[in-house]
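Okay, so here's the structure we're looking at.
The values are calculated or read from the model by the stated rules, or taken from the named source; none is laboratory data. What you are looking at is a predicted structure, and each value in this text was computed from that prediction instead of being measured. Because the Cβ atoms are built from the backbone with ideal geometry, glycine has one as well, and the counts that use them run over all protein chains shown. Each accessible area value is taken on the protein alone, full model and side chains, heavy atoms only, with ligands, DNA and RNA left out. Shrake-Rupley method; radii C 1.70, N 1.55, O 1.52, S 1.80 Å.
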Amino acid sequence: EILNAKPYAYLDDAPLDERRTRAVTLRRTLPEHARDLGALDAEAIERVLDEARPDPRDADELHDMLLGVVAQRASDAWRPMFEALADAGRASCATADGAAFWFATEQLRAIEALYPSATRSPAVRLPEHLDGPRPEREDAVLAAARGHMEYIGPVAPADLAAMLSLGTLEVVSALARLEGEGLVLRGRFTPGRDDEEFCDRRLLARIHRYTLDRLRSEIEPVTAQDFQRYLFTRQHVGGNRRVEGKRGLIEIIAQLQGFEIPAVAWERDVLPVRIANYTPAWLDDLCLAGDVAWARLTLRKTSGGSRGAAPSRATPLTLTLRRDLGALLDTVRGPLQPEPPAAGVAAEVLDALRTHGALFFDDIVAATRQLPIQIEEALWDLVGRGIATADGFGALRQIMTPDRAARSGRNQRRHARYGAARVGRAVAPQGRWSIVHNFGAGVTQQDELAEQAAAQLLSRYGVVFRDLVARESLAIPWRDIVRALRRQEARGVVRGGRFVTGFVGEQYALPEAVDALRRVRKQERSGETVRISAADPLNLAGIITPPPRVPALHTNAILYRDGLPVAVEEGRAVRQLGGADAEVAAAR
C-alpha cells in the first residue's frame, strides 16, 4: 500500500495504472532481456565504478573486503592496514607468477587451489575449527570471480583473468556459471569497445539508471502550443512543409495509417493539405500496384440482419501500407471479428467473394444475379462492416459519388432486364473487390503488437503520452504500450522524459523529435494560420490545446493560429474561439 497508494493520496489526475508515490522509484531494474539494453553512458559507468570501488577505512573493513574477493592485488594505498592484519595473523600475501595477492586467512584453502605453487608471507595457519578440505579449483575460481564482479563493473573475461593471474577459459567458465545464476549479464556495455563483456546485474542497473537520468536531464519541455506547431511540421501540414509526388504520398500514408477518417475526407481535406498538387491518380496507382490498401478497422455495431448500411461518405476508413494491414487489424480489433450479414444481397456478395476470391464488379453481378444498384449497396454494407475492400481507391470514390440522375429512374431499374445496359451507373466501380484478410491473425504476441502500436504512434506524433492517443482506436491497453515504450527507451530507440508541459503520466519521444521540438521552441511565432478538417488526426483541440473540443466531423473545420485554435467552421457558420485566453492557458 505504500508503493501503490490509495487514490486519495494524490493531488493529480494521473491514471490509476501509473500512480506511484513520488518518493519511490520502482523501475530501477534492468529490462527483462539484455538485448533490450541500449548504449550506456561512459560517465555513468565511471560514476558507478567510483561508488562501488572498495574504500576500506580501517583494517577490519579491509579484512571484510578480502573475505569477499578471495584474492586482491596488493595496493600501496592500503598497505598499512594490511600490515596490521598480517601482524595479527588475519591476512597474508601470496606471490604467484610475479604478482602479489593479499588474502584473508580464512581464504587459505581457496588460495591453495588458485595458486598451488605460490609462496606465502607471512605463513598463516587456519584454526582447527575453520580448517577444512581444499575446494575444487573451479569452485575457487568461481568464488574469486563472484567477489570481483561485485565492484569492477563491465569487464572482458581476458581482463579479469589477467587481473587474477588465471586462465581465460576457466574465468569464462566461471562467468558463465554466474550468468546462469542471474548474477551477471553479458553484452557490449563500454562505449567504443567491441569485445564481449560481463557486468554485475546490480551495477548494470545503476549504470542504466544514470544513463537514462542524464538523457532526461537534457530535455527542456515545450508548451502545448509549441507542441501543436511541431505536429504541423512533423505531418507536413500547410505552407512549404508539404511533400510531393507518389513518394511523398507513401510517406504520409505510412505516418497516418491506422487512424480512421471519414471516407470523403481523405482526398478532400487530409491528403491535399499535406501533399502539394495532390492528384487522385497517384493513390489509384499505389493501390492497384499493391503498395497501399484501404479498409475499415473498427467494428461497426450491427444486429446481424439483412438490411445493409446506406452509403455514407462519413464511413470511417484508413489508408495503410498493405504489408502493415494485418498488424493494424490486430492492434485495433484484437481477437474480435466483424459480424457478417445474416441474409440478403450483402450475404450473397460475401459468399461469392469467399468462394471465388477477388472479383470485378461485373463478375459479382453475374455470380449473384442481382441488379448493379443492389450490388453497390451490398458492397457498401460490407465495407462499413470492415469485411470488404477493393484493390483500387477509385471503386470507393465512385460509390461515394453516385450518379443521382441515373439512380432516380426507378421505372427503368424496375423493368430493366438482367444483363442489359448498366442500370444506375454509367461506369462500374473500378478494380476488384475482395475480403479484408488478416493472414497473421492470432500469430503475433501481445508484446509484439504493443511494440508495433508504439512504433506507429511515434511515427505519427514523434512524442507519445496518454492524453495524445485519446482519438486513437486501439484494442491494446495503454499500460502495454507504456511497457513497450520503456523497453524501447532501454534499447536507446526512444527518449523518456518530460517533453510537453501540462500533462501527467509518462512521455516518450523519438530522438529526432527532441531536436525538432527544440527548434520549434526557438522559432518565433509569426501568426501563421493553418486550416484543417475536424476529422484530421491533428484535431487535438481540447485535448492538447485548450478547450473546447471540436467534434471530429468531416463537415467541420478548425483554424489554428500559431498552434492555437482560434475559430471553428461548422457547416457554413464560423464560431470564434478565445484566442487570447487560449494563449494564456497554453503558457501555464
Subject >> Failed condition for ALA144, given (1) of a type outside the set (Val, Ile, Thr); (2) in contact with an Asp or Glu (Cβ under 8 Å, 6 or more places away or on another chain); (3) buried (at least 17 other Cβ atoms within 10 Å of the Cβ); (4) within 30 Å of ARG47 (Cα to Cα) >> reply: (2)
Subject >> Boolean, ARG531 is assigned to a helix (DSSP H, G or I), open to solvent by 40 Å² or more (accessible area, probe 1.4 Å) and modelled with pLDDT of 90 or more >> reply: no
Subject >> Failed item in (1) over 23 Å from LEU66 (Cβ atoms); (2) touching a strand residue (DSSP E or B) at 6+ places or on another chain (Cβ under 7 Å); (3) assigned to a helix (DSSP H, G or I), with ALA176 passing the rest >> reply: (2)
Original post:
So which residues in the range 95-134 are under 22 Å from ALA84 (Cβ atoms), touching a residue at least 40 places away in the same chain (Cβ under 8 Å) and outside any helix (DSSP H, G or I), if there are any at all?
Top reply: PHE101, ALA104
Original post:
Could you say whether any residue in the range 154-169 is surrounded by fewer than 16 Cβ atoms within 10 Å (Cβ to Cβ), farther than 26 Å from GLU83 by Cα and over 41 Å from the mean Cα position of the chain (by Cα)?
Top reply: yes
Original post:
For the range 346-396, how many residues are more than 23 Å from LEU329 (Cα to Cα), of a type in the set (Val, Ile, Thr), modelled with pLDDT of 90 or more and open to solvent by 10 Å² or more (accessible area, probe 1.4 Å)?
Top reply: 2
Subject >> Output for the range 53-74, where each listed residue is in contact with a helix residue (DSSP H, G or I) (Cβ under 8 Å, 6 or more places away or on another chain), open to solvent by 20 Å² or more (accessible area, probe 1.4 Å) and part of a loop (DSSP other than H, G, I, E, B) >> reply: ARG53, PRO54, ASP58, ALA74
**OP:** Please determine, by comparing only the residues of the range 250-286 that are among the β-branched types (Val, Ile, Thr) and in a helix (DSSP H, G or I), which one is nearest to VAL383 (Cα to Cα).
**Re:** VAL264
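Rundown of residues vs (1) of a type in the set (A, V, I, L, M, F, W, C); (2) out of contact with any Leu (no Cβ under 7 Å at 6 or more places or on another chain); (3) modelled with pLDDT under 95; (4) exposed (fewer than 15 other Cβ atoms within 10 Å of the Cβ), yes/no style:
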residue: VAL494; (1), (2), (3), (4): yes, no, yes, no
residue: PHE499; (1), (2), (3), (4): yes, no, yes, no
residue: LEU517; (1), (2), (3), (4): yes, yes, yes, no
residue: LEU540; (1), (2), (3), (4): yes, yes, yes, no
residue: PRO547; (1), (2), (3), (4): no, yes, yes, yes
residue: VAL566; (1), (2), (3), (4): yes, no, yes, no
residue: ALA582; (1), (2), (3), (4): yes, no, yes, no
